[in-house]
Structures are given as structure tokens and as C-alpha cells.
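In what follows, a single structure is set out as C-alpha cells and then discussed.
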Amino acid sequence: MAYVRKDVSTLTRTERRRFVNALLELKRRGEYDEFVRLHIDYYTADGEDGLRTAHMAPSFLPWHRKFVLELERALRRVDSSVTMPYWNWTRDRTTTSVPWTNDLLGGNGRRSDRQVMTGPFAYSAGHWTIKEGITDGKFLTRDLGRPASPLDLPTKSQLQWALDDPVYDVRPWDSTVPRGFRNKLEGWGSGSGSVSLRNHNRVHRWVGGAMLGGASVNDPVFWLHHTFLDLQWYRWQRAHSSHRYLPAEPPGLADPQHERIVARHQKLPPWDVTPDGLEDMSRIYRYA
């Protein structure tokens, strides 16, 4: 029977505690840091050589669907009652709302060094030392809302703009495409600065600190954010049922994207699964 993923704001006090404790146990075992390393390894930009699976490519959504599912399975091995909650950033939009509470993810970083000082993932609590990252910092950092140069979280209408596009993705299958649901949701736009950051990307920038770059998994909000994005793919699939993941076939030899992106029936590294095999999750989980 499929289990249920809930809005984090609806979790009971017990559900919050069990979710947090399961994350802390994965961290204690060293399993959590394996997920951080994996994301760093697959954080490949479209300006780099080689295959792109996790970002700036059509497989952004199935790759992260599988990534979240693997973390969720690890949590459920610790506590079978736990499922991955999602953060609806179109509604819970302040620096003190859910999930930035002491019984969930803790709050913002302090002004001097952005170090998170509250909640179970604060370095001072002794359970969340950063061991895998792109810097040598050992503590979790956040810069919610970026006060020095403020920006807002994406709105419902900005998210709907992505959901309304009936085409999953378009050539050249990278960060430059102006059309297609995938990049409108992933959020690579034209221009410079925060104006070019949309939806997924804008949320990463709004949180700031550890959520910037390949080691963003070090902040547990990463999972709540990407679970909400997975919900949006589910919503898009239901709204545009005649449309599917693209490309359906691999780009040919003469195409600049040859062997640089994953087509519908190709394996999605590092797993033995295809985007096609990840389109329907209804037998595993559903959303409340």
C-alpha cells in the first residue's frame, strides 16, 4: 500500500519529532553524508563536459525524484512511520514560519557568520557537523531572505507559470531554454542577479548559506524543497496527461547534446532506472 507524504505544516508534534530523529540517526551512522557526496558528484553544469543527469537537463526531475526516494527509504529503515514532508514555499514564506521552528529545522543563521544556532541541526547541539562540503566549514549556515540584498520566495502565480506549460522540455535541453515545464520549474532564466532565479533556484538562493551549490544537501530543508518540486511534477503530469518526459530518444551523433543528457528509456546514473520507470510513483507514495 502506498504511503502518504504530507505538508510539513500539518505534521503533529510526534511526527515532527520522529522525522527529525530519523534524520539525526542517519547522520550519526554516516549514511546522510553519503547523500551529500552523491549530490556533489552529480552537480554538473551544462558548461562542463560529460553527461548531465541532476541539473540543467531534462532529468532534473526524475533524478531528484529518485534521490529523495532513496533518502526516504533510508529514513524508513530507521523509523517505518516516517515519510518525507514537503515545504510549500508559496504559502509558508517568512523566516519564522514552518519549517524554521525549533522542533523542525531550526531558524536563520546569526548575522556574524550565518551559523544556525537554534534547533536540532545547530552545530552547538552536537549532532550535525558538516563533513562533506565545498568549503571547510563545520557548521550549518543560512541567510534566509538575504537581508543584505533582499529577495522573495516564488509566488503561486510564478509556480503556476511553470505548471501551465504543457511541454516537458525542449531543445537544446539545457539551462538556456525559455520554454518547457522542466526549466521553468528548475529556474534558469535570462538576465543577471536574482531576477534570473526562478522557482527551484530562487528558493535555494532565498535560504542561502549551505543551500548554495553542490553541497546543499547539508541543509535538511533541501529534502522538503525537492519533495515539493516532486509534487509539482506530479501535478503537471495530471494536468497534461498526454505529455511525457522528453526527449523520448537520445540526441544523434551530430547533436551537441549527444551523450550529454538522458532520454526517456536510458539509464539514469548512478541508478539502474530510467526516467520512464520514475514517471509513476503511485504504488509507492501519494501526496496528501
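Relative to the longest principal Cα axis of the chain, at what angle does helix 60-78 sit, 0 to 90 degrees, rounded to 10?
Around 40 degrees separate the two axes.
What is the distance in Å between the Cα centroid of the stretch 202-221 and that of the stretch 72-110?
The two parts, judged by their Cα centres, are 14 Å apart.
How would you rank 109-116, 182-189, highest first, on the average number of other Cβ atoms within 10 Å across their residues?
With the highest mean Cβ count within 10 Å placed first, the list reads 182-189, 109-116.
Hull surface divided by four, with the convex hull built on the Cα atoms of the chain: how many nm²?
Hull-based average projected area comes out at 14.6 nm².
Using just the helices of the chain, give the 222 nm mean residue ellipticity in deg cm²/dmol: DSSP H runs with n ≥ 4 each add -39,500 (n - 2.57), and the total is spread over all residues, rounded to 500.
Only helices count here, giving -9500 deg cm²/dmol.
Ordered by residue, what ³J(HN,Hα) values in Hz, to whole numbers, does the stretch 196-208 give under the Karplus form 6.51 cos²θ - 1.76 cosθ + 1.60, where θ = phi - 60° and Gly and Pro are x?
Result, ordered by residue: 7, 9, 10, 6, 3, 5, 5, 5, 4, 5, 5, 5, x Hz.
Can you tell me the orientation of helix 221-239 relative to the chain, as the angle in degrees between its alpha-carbon axis and the longest Cα principal axis, to the nearest 10?
Rounded to the nearest ten degrees, it is 40.
Taking all protein chains together and a probe of 1.4 Å, list 101, 14 from the most accessible to the least accessible.
14, 101
List, in order, the whole-Hz ³J(HN,Hα) value for each residue of the stretch 147-162 obtained from phi through the Karplus relation with A = 6.51, B = -1.76, C = 1.60 and θ = phi - 60°; use x for Gly and Pro.
Computed from phi, the couplings for the stretch 147-162 are x, 5, 8, x, 9, 9, 5, x, 9, 4, 5, 5, 5, 5, 3, 6 Hz.
Taking only Cα atoms, what is the 0 to 90° angle, nearest 10, from helix 31-41's long axis to the longest principal axis of the chain?
Around 40 degrees separate the two axes.
Show me 62-68, 276-282, 245-251 ranked by packing, highest mean number of other Cβ atoms within 10 Å first.
Result, highest mean Cβ count within 10 Å first: 62-68, 245-251, 276-282.
Rounded, prolate or oblate: pick one for the stretch 145-288, where a ≥ b ≥ c are the square roots of the eigenvalues of its C-alpha gyration tensor, a/c under 1.5 means rounded, and failing that, prolate if a/b is larger than b/c, else oblate.
Prolate, since a/c reaches 1.5 and a/b exceeds b/c.
Along the stretch 274-288, what does the Karplus equation 6.51 cos²θ - 1.76 cosθ + 1.60 (θ = phi - 60°) give for ³J(HN,Hα), rounded to whole Hz, x for Gly and Pro?
10, x, 4, x, 10, 6, 10, 9, 4, 7, 9, 8, 9, 9, 6
Give the Cα extents of the stretch 195-263 along the principal axes, in whole Å, largest first.
Here the spans come out as 40, 30, 25 Å, largest first.
Of 6/27; 27/267; 27/156, which sit over 32 Å apart, Cα to Cα?
With Cα atoms farther than 32 Å apart: 27/156.
Of 22, 254, 125, which has the largest mean-square fluctuation in a 10 Å C-alpha GNM of the chain?
Top of the fluctuation ranking is 254.
The values are calculated or read from the model by the stated rules, or taken from the named source; none is laboratory data. Given the structure is predicted, the values throughout are model-derived calculations rather than measurements. With ideal geometry, Cβ positions are generated from the backbone for all residues, glycine too; neighbour counts draw on all protein chains shown. Ligands, DNA and RNA are stripped out before the accessible areas are found, and what is left, the full protein with its side chains, is counted by its heavy atoms. Shrake-Rupley method; radii C 1.70, N 1.55, O 1.52, S 1.80 Å.
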